[in-house]
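Enquirer: Got a structure here, written out as structure tokens. Questions coming.
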Amino acid sequence: MAYKNWYDILISPLLSGLTKRIALQIEEGANLLEVGCGTGELASALHYKGVKSYLGVDLTPKMIEAARGKVAHPNFTFIADDFLIININSQFNYAVFSMIIHSVDEELANRLICKAKALSSMIVFADYLVPQPKGFKGFLVKLIERLAGKEHYTNFTYFKSLGGIDHFVRTNKLTIVKQLDYEVFRIVVTAVA
């Protein structure tokens, strides 16, 4: 339970506006896959919006435990496992990557996206805006990412050098349907060709 409290107290409030804006991009009645679902903040917002079914996958069992505590609905499933190795026999309207792509290396990011492309018709990315705004918010992002550890910060720095999420959209031959910037974040809704 301490893990849930740490994440929900420190990280979730910083992402609450972003979570609301991601939920606005999803149609009511949709089937959705979230890769790196964390403690279920987006799942909770989507439940209230009327998403038909949801599958959240995260590597961290304690995150999944927290997510299950937030959304107890038979059509909302949370799995603690590696997205790349689990067998998923469903198709989704949307796959969502919220604050995941910047935290992993480029090869792993592309492998995650490739699998999501095979499972969904739309992919929604929400991640850091590149370049980051100057001032306090930009400083805060850099500080948070540095505190997340050396490997994480190295991946974040490389993500920025590639041009952010736009690079991954181009590399994976996705078509941009909608794009919006919010504070230090970019949300990109894409169609799978």
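Enquirer: Could you order peptides 94-107, 24-37, 128-141 by the average number of other Cβ atoms within 10 Å of their residues, highest first? Please list the in-between numbers first.
Expert: Details: 94-107: 20.8, 24-37: 18.7, 128-141: 13.9.
Ranking the peptides 94-107, 24-37, 128-141 by packing returns 94-107, 24-37, 128-141.
Enquirer: Now, a different point. With the dipole of the range 2-191 worked out from charges on the C-beta (+1 for Lys and Arg, -1 for Asp and Glu) around the Cα centre, which of ASN155, HIS73, VAL169 lies farthest toward the positive end?
Expert: It is VAL169, whose Cα lies furthest towards the positive end.
Enquirer: Under the classification rounded if a/c is under 1.5, otherwise prolate if a/b is larger than b/c and oblate if not, where does the range 8-117 fall, given a ≥ b ≥ c as square roots of the Cα gyration tensor eigenvalues?
Expert: rounded
Enquirer: Restricting to the range 2-191, compute how many DSSP beta bridges are antiparallel as a %, nearest 5.
Expert: Around 40 percent antiparallel, to the nearest 5.
Enquirer: On to the next question. Note down the magnitude of the dipole of the chain about its Cα centre, charges +1 on Lys and Arg C-beta and -1 on Asp and Glu C-beta and zero elsewhere, to the nearest 20 debye.
Expert: Details: 21 positive and 18 negative charges, 66 e Å.
Taking the Cα centre of the chain as origin, the dipole is about 320 debye.
Enquirer: The list [x] 17.0, 50; [y] 16.2, 49; [z] 15.6, 46 gives values of Rg and Dmax of the Cα atoms in Å, and only one came from this structure; which label was calculated from it?
Expert: [z]
Enquirer: Could you work out the helix-only [θ] at 222 nm for the chain, with each DSSP H run of four or more residues adding -39,500 (n - 2.57) and the total divided by the number of residues, to the nearest 500 deg cm²/dmol? Walk me through the intermediate numbers first.
Expert: Values: 8 runs with 87 residues, N = 193.
The helix-only estimate for the chain comes to -13500 deg cm²/dmol at 222 nm.
Enquirer: While we're looking at this one, here's another question. Which of LYS137/LYS160; LYS49/LYS178; LYS20/LYS52; LYS117/LYS178; LYS115/LYS173; LYS134/LYS178 have a Cα-Cα distance over 23 Å? Numbers along the way, then the final one.
Expert: Values: LYS137/LYS160 16 Å; LYS49/LYS178 20 Å; LYS20/LYS52 18 Å; LYS117/LYS178 17 Å; LYS115/LYS173 14 Å; LYS134/LYS178 25 Å.
The pairs that break the limit, which is 23 Å between Cα atoms, are LYS134/LYS178.
Coordinate-derived values only; no laboratory data. Not measured: the values here are computed from a predicted model. Here the Cβ is made from the backbone with ideal geometry for all residues, glycine too, and neighbour counts use every protein chain on show.
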